[in-house]
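To keep things clear, I will list the structure first and then write my remarks on it.
Derivation of every value follows stated rules applied to the coordinates shown; laboratory data play no part. Here the structure is a predicted model, which is why all the values come from computation and not from measurement. Neighbour counts are summed over all protein chains in view; Cβ atoms, including those assigned to glycine, are modelled from backbone coordinates with ideal geometry.
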Amino acid sequence: MFLNASGCLDALTAPDVARSLDGFVTKTVTPEARAGNAPVRIAETDFGMVNAIGLANPGRDAFVADTLPRLRSLGVPLWVSVGGFSAHDYAATCAVLDDVTIELNLSCPNVDEAPESAAEIVRACREATSSTLYAKVSPHSWDMGETARAIEAAGADGISMINTLKGVTLDATLRPALARGAGGYSGPALRPVALAAVMAARRATDLPIVGMGGVETGRHALDLIACGATQVALGTVLFADPDAPSRIRAELEQELSAHGFDTPADAFCAALKTVASLENSRKR
Ligand SMILES: Cc1cc2nc3c(=O)[nH]c(=O)nc-3n(C[C@H](O)[C@H](O)[C@H](O)COP(=O)(O)O)c2cc1C
């Protein structure tokens, strides 16, 4: 099952791309409207890009009144990415959303410094909604297994991973290319980081996992599934190739049969099983 990564597709300007996915994930919605950061907000690097969009969005009320009805008319299952600066912010937005899957963006700027932990935010949201609740985590945690267990114990129905890594790129005059200096680094270089995160989380939990980070081909999607992802999200690749969803879907089919699998479910955790059998043979 393919989704877009939050912030990497505007379904209202590219409805056909959204319809080529199994679900559309919105840009993160915050309680108040945000204009986002001053330009330059996106810069290319040798491998991928850095962005500091600053969570530009119309704010919760305008999103619910105006954007959400228009998104519903697309006929694609909707995932709403929810952000905030405290557990109360997140929970208040969850409380006004119905008939959508909610993805909590737990890697919002300032949230890392919020008094509440990721698990506390998930717990507050669980109390506020009965909608399906995914928690999207930052790759900056060293122990992704522990993060996954804490999120599951707090009541999440699934985990999305990974968000961007913090990155800086310089222009020819040695100034940071982004006006803010640092930004979120996305694209191909994230692939090994995403695979490690998914593998660690899968060893810790049976929850569904949306894997993302640098997916550009069917083989990359298969890698995430083999490490334990149940769904795959496409991010940076959509900026260069809006046809990526159908292309990657077809490539995944070819990759599956080349590896002797009939369905993605047959390839699920294939890499993890190799690791487990290596560990067992070492113990013997
Ligand atoms: C321009 C841009 C904007 C993004 N905005 C958001 C966002 O609003 N909320 C969020 O959770 N992730 C956001 N992300 C992160 C992506 O959803 C994804 O986690 C990350 O880019 C890794 O996947 P990729 O390497 O395939 O792009 C954004 C990424 C990019 C490149």
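Please sort through the DSSP H helices of the chain and keep those with an alpha-carbon extent of at least 18 Å along the long axis and a Kyte-Doolittle average not below 0.0. In the chain, the long hydrophobic H runs are 191-204. Between the stretch 152-187 and the stretch 7-44, the alpha-carbon centres lie 15 Å apart. Annotation: the antiparallel percentage among DSSP beta bridges lying fully within the stretch 2-283 is about 35. Peptides 176-182, 163-169, 132-138 ranked from most to least packed by the mean count of surrounding Cβ atoms within 10 Å: 132-138, 163-169, 176-182. Skipping prolines and chain starts, which residues have an amide H placed within reach, meaning under 5 Å, of the one on Cys269, given they are 5 or more residues away or on another chain? Amide H neighbours of Cys269: Ala226, Cys227, Gly228, Ala229. Packing here is the average count of other Cβ atoms within 10 Å per residue, and on that basis the peptides 63-72, 81-90, highest first, run 81-90, 63-72. The order of the peptides 188-195, 250-257 by mean Cβ neighbours within 10 Å, most packed first, is 188-195, 250-257.
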